[in-house]
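Notes follow once the structure below has been shown.
The values are calculated or read from the model by the stated rules, or taken from the named source; none is laboratory data. Note that this is a predicted model, so its numbers are computed, not measured. All Cβ positions, even for glycine, are placed from backbone atoms using ideal geometry, and neighbour counts span all protein chains on display.
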């Protein structure tokens, strides 16, 4: 095992030991941030608390052109873990621990590189990615920091991902009228019946889009996640609440999709709105998005990072892209391991990532 990988694992052991589960979002400015402050030599470190467990650590040494971003929050551990999720276990080929794959492994490698090199380097470490609450990135972008590019760490198996789907979460309400179910009903009487008809129409619409393609991705990802309403079987439901989400291709018009889903069946929902919106990567209209994708590809080629396919999962790289930055996603680990019990990252990918970041920093890019 080379020295850089060993030091990466030492830092990963420490980072995994800190509880940064999100929820419950009980993350403050101490703990893991005290550890990071102590292990970023020569950096100007700023820690900003945006509330509700959303904390940024922004660390700069010198005048770097590229910013490395990684989130430190994790999902909650499931009851199916076979070990203490906050105690890193290293085997012959993998490191196992909560967040090791998604994505504290990359954070540990960045800290190891910061100690192995004296080169210019900039880090943005945040803690609200798993909450679908972009306080950290939004707060950072308000300062309009000047960087040529931003590299966002997520599990991409050591490839540069230039494009991914957007993500939109929507909550809506149908309204009917409470009455005895023995009587004759009109289509608008039951709010639940309205919701069920809407669901059938939505699934049909999604199926009609299954032929659309972008960068190896196909169709629209769609899920009805929650339906609530009604009182009992012999009462007509006066209200029905539905939460659904969809993940469009970068080539799809998200606002048009939102309006289509709102107006699929009559009567339309009485309440309808997004609870979270994450644009696709790259962001922008077709021409702008393509220009940003090509710029990101040129950067990956310059940094000698292999370029992978577009992916289905969303990342905060889209937020940086929307703000106008050249941006791609790059990190160790397989997304299939993220959010699982006994989550792990492969040592060879972790080592390659650390060596690549070291090479980038030493080159002064």
Kindly establish whether residue 106 is under 24 Å from residue 314 (Cα atoms) and under 15 Å from the mean Cα position of the chain (by Cα). yes
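Does residue 233 satisfy being modelled with pLDDT under 95, assigned by TED's automatic domain parsing to the domain that holds residue 130 and either surrounded by 14 or more Cβ atoms within 10 Å (Cβ to Cβ) or part of a loop (DSSP other than H, G, I, E, B) (or both)?
Numbers: modelled with pLDDT under 95: yes; assigned by TED's automatic domain parsing to the domain that holds residue 130: no; either surrounded by 14 or more Cβ atoms within 10 Å (Cβ to Cβ) or part of a loop (DSSP other than H, G, I, E, B) (or both): yes.
No, not satisfied.
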For residues that are in contact (Cβ under 8 Å) with a residue 40 or more places away in the chain and surrounded by 15 or more Cβ atoms within 10 Å (Cβ to Cβ), scanning just the range 214-229, find the one that is farthest from residue 310 (Cα to Cα). 229
Only strands (runs of 3 or more DSSP E) wholly contained in the range 266-365 count here; list those with 1 or more residues that are assigned by TED's automatic domain parsing to the domain that holds residue 159 and under 30 Å from residue 118 (Cα atoms). 326-329, 344-346
Report, by residue number, each residue of the range 184-200 that is over 34 Å from the mean Cα position of the chain (by Cα) and either under 17 Å from residue 261 (Cβ atoms) or without any contact (Cβ under 8 Å) to a residue 24 or more places away in the chain (or both). 184, 186, 187
Give me the residue from the range 19-30 that is in contact with a helix residue (DSSP H, G or I) (Cβ under 7 Å, 6 or more places away or on another chain) and surrounded by 20 or more Cβ atoms within 10 Å (Cβ to Cβ) and, out of that set, modelled with the highest pLDDT. 20
Apart from one, (1) at pLDDT 95 or above; (2) in contact with a strand residue (DSSP E or B) (Cβ under 6 Å, 6 or more places away or on another chain) all hold for residue 303; the odd one out is (2)
Working only within the range 145-197, note down all residues that are surrounded by 24 or more Cβ atoms within 10 Å (Cβ to Cβ) and closer than 30 Å to residue 239 by Cβ. 174, 176, 190, 191, 194, 195
Residue among 84, 102, 73 that is without any contact (Cβ under 8 Å) to a residue 12 or more places away in the chain and closer than 23 Å to residue 347 by Cα: 84
